[in-house]
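Please read the structure below before turning to the comments.
The values are calculated or read from the model by the stated rules, or taken from the named source; none is laboratory data. Quick caveat: nothing in here was measured; it's all calculated off a predicted structure. Methodologically, a virtual Cβ is constructed for each residue, glycine included, from the backbone with ideal geometry; neighbour enumeration extends over all protein chains shown. What goes into the accessible areas is simple: the full protein's heavy atoms, side chains included, and nothing from ligands, DNA or RNA. Shrake-Rupley method; radii C 1.70, N 1.55, O 1.52, S 1.80 Å.
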Amino acid sequence: MRLGWRTISGPALTAATLLLAMLFDRFAAVPSPAPLLVCLVALAGALSGLASAMASAAVAVIGAALLFLDQHGISGYGNADLVRLGLLAMTVAGTAAITGLMREQLLGTFAAERQSHATAARLSAALDQIDIGVVLLDAETRAEFINRAFRDYFAVPDEIADGKPPFIALMYHGRDTGAFELPEDELGTFIAQRMEMVRIGDATPINIKLRNGEVLRFVCAALPDGGRMLSYTPVTDLVRHTDAPARADYYRSLRDPANRKLIRYLRVAE
């Protein structure tokens, strides 16, 4: 147990309370300090844990015994005083154990939460480094996480992506920005089919052709909590192998990650 103000504050306050009670008792009868002692033991447990709370409890019991001795003397000790002292001892010991153990449990929970958040932050940073678009949906199909690749593929601004939009809003955003290589009259059916796949958790891979020449393989994975993980893997090299050889340089430039943002920026600006 490291000594610090948190550790010594409980025992110190308990001892000071008992000394003041003995001092004032010489001039006028003071009420029993037992309720205040129990509160001080609980405070010690909340501030520093079990060891400090138990030390405060020991000070409280010893101090209360000295207070009774100061009031009545050894010959004046009666059964009632012994009962009161025993009840105080059990109460402060129980309070120390409960508050001390609760504090340790809460600190363990907070530490686990911090570790969980740190792991989530590292995973989020890692997913932002890959070229596979990843979207995590909750059970209500709202996007809890959208990685950088998906934002780039579909020109989703950060303020929209960070606002946890529903998946249908992301689909309509792709439609409105002209991301999909589809006739306008087929977009409604395409969006409805994608929504149905997400709703039922259909894991059938679907190739999605983008207006800029890229092809993404869309897969929906159902999660145990009712959410969905959507992945958009670039498969342009596999799907576009039948493109006209004369336009090979053009398609390679579209697939160049260094030019991706510029191409999308120009497309959106149009």
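Structure values in brief
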{"read-out": "Inter-probe distance in nm under a simple model that places probes 7 Å from Cα toward Cβ, at residue 27 and residue 222", "value": "7.7"}
{"read-out": "Most to least accessible of 36, 187, 136 (protein chains only, probe 1.4 Å)", "value": "36, 136, 187"}
{"read-out": "Summed side-chain charge close to residue 196 - residues other than residue 196 whose Cβ falls under 13 Å, Lys, Arg +1, Asp, Glu -1", "value": "+2"}
{"read-out": "Loop trypsin sites (Lys or Arg not before Pro), the stretch 5-105 (other Cβ atoms within 10 Å of the site Cβ: 12 or fewer; DSSP)", "value": "26"}
{"read-out": "Total formal charge among the other residues, if their Cβ is under 13 angstrom from that of residue 44, Lys/Arg +1 and Asp/Glu -1", "value": "+2"}
{"read-out": "Solvent-accessible area per residue for the stretch 1-69 (1.4 angstrom probe, square angstrom)", "value": "54"}
